[in-house]
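Participant: Okay, handing you the structure first.
Nothing in this text is a laboratory measurement; each read-out follows from the coordinates by a stated rule. Bear in mind the structure is a predicted one, so any value in this text is a computation, not a measurement.
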Amino acid sequence: RAEVAGLDVAREPRRVRSRIGLTGQYAAVDEGLTGRQNLEMFGRLFHLGNRPARQRAGELLDRFGLTGAADKAAKEYSGGMRRRLDLASSMILQPDVLFLDEPTTGLDPRGRGEVWEAVRALVADGTTVLLTTQYLEEADRLASHITVIDRGRAIADDTPDALKNRVGGDRIEVVSADPGDLDAVAKTVGRVAGGGLVVTDTPARRVHAQVADRVAALTEVARALQDDGIAVEDIGLRRPSLDDVFLRLTGHGTENHDAPEVAAA
């Protein structure tokens, strides 16, 4: 049983379709048409009529930062611009819920950032976005809620922070400038960590341990190392990443061909 926007998908499929939008994994725009023509065409396909379709196209071009390229053929757009145009076409009817299937596949970092900003703008305007992705950074940056799906089964469902807390809280990391100081660094970090597990990575000259009060721990370790005259190359607080979450929950990384997927909202 499933509901979308409070509607039963089996009993009220027509009403559900009128409340949703979909953007597939690859941009579905006509590259021979201009950006404006693409949006006007979609407007007419949704039975808006010529004048309302033109008006809506203009609104969406402005909203997605495409006004300057509105009259260029879509084939001249960058990957990020084509993706934003694709997102705009899915917003013709201002859906309550928008489904995005791996929206940044194949995009370079700039294009990915452009799409992220567009998605954030949609959410800020009140659209609920359900996003599937295998880019963990994307899920972390965009989602307020994440479901981890592994081999067809939902194995976790929570906020990004709550998922990270499953694999441990904040930890302090210190990289010693001198390998000979590692024992002293470990002793200092261990004292601040309250006797918890201290891990020493000798080749990397790194010591780290989980801490409860992140700011107080950082301050105390930095002061103690300075008082003892121990030079460090780096010191900082680290949080578990969603990579760590995947490894803990599934036992394998996302490079695996059966990589888990994230449904993020």
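Participant: So what's the Cα pair-distance distribution over segment 132-246, bin width 10 Å, in %?
Facilitator: Taking every Cα pair in segment 132-246, the percentages come to 14, 38, 23, 19, 6, 0.
Participant: Which ³J(HN,Hα) values in Hz, rounded to whole numbers, follow from the phi angles of segment 142-156 under the Karplus curve 6.51 cos²θ - 1.76 cosθ + 1.60, where θ = phi - 60° and Gly and Pro get x?
Facilitator: Here the 3J(HN,Hα) series is 9, 8, 9, 8, 10, 10, 9, 10, 10, 6, x, 10, 6, 10, 7 Hz.
Participant: Can you tell me the Rg and Dmax of segment 39-124, counting just the alpha carbons, in angstroms?
Facilitator: 12.6, 38
Participant: Hey, another quick one. Just to confirm my numbers, what's the Cα centroid distance between segment 163-198 and segment 114-134 in Å?
Facilitator: Using only Cα atoms, the two centres lie 37 Å from each other.
Participant: Report the antiparallel proportion of the DSSP beta bridges in segment 37-180 as a percent, rounded to a multiple of 5. If you can, show how the numbers build up before the last one.
Facilitator: Values: 5 of 10 bridges.
Once the DSSP bridges in segment 37-180 are tallied, antiparallel ones form about 50 percent.
Participant: If you bin the C-alpha pair distances of segment 170-238 every 10 Å from 0, what whole percents do you get?
Facilitator: 24, 63, 13
Participant: Here's a follow-up. Debye calculation, C-alpha points only, no solvent: report log10 I(q)/I(0) for segment 91-164 at q = 0.13, 0.15, 0.19 Å⁻¹, in the same order as the q values.
Facilitator: Here log10 of I(q) over I(0) equals -0.41, -0.55, -0.86.
Participant: Can you divide the C-alpha Rg of segment 1-154 by 2.2 N^0.38 Å and report the result to two decimal places?
Facilitator: Details: Rg = 15.8 Å, N = 154, 2.2 N^0.38 = 14.9 Å.
After normalising by residue count via 2.2 N^0.38 Å, the value is 1.06.
Participant: Further, regarding this structure: Using a Gaussian network model of the chain with C-alpha springs under 10 Å, which one of VAL221, VAL245, VAL97 is most mobile by mean-square fluctuation?
Facilitator: Most flexible of the set in this elastic network: VAL221.
Participant: In the P(r) worked out for the chain, what percent of Cα pairs fall beyond 28 Å? It would help to have the intermediate numbers written out before the result.
Facilitator: Numbers: 18057 of 34980 pairs.
That fraction is 52 percent.
Participant: What percent antiparallel are the DSSP beta bridges of the chain, to the nearest 5? Please list the in-between numbers first.
Facilitator: Details: 30 of 39 bridges.
Roughly 75 percent of the beta bridges in the chain run antiparallel, per DSSP.
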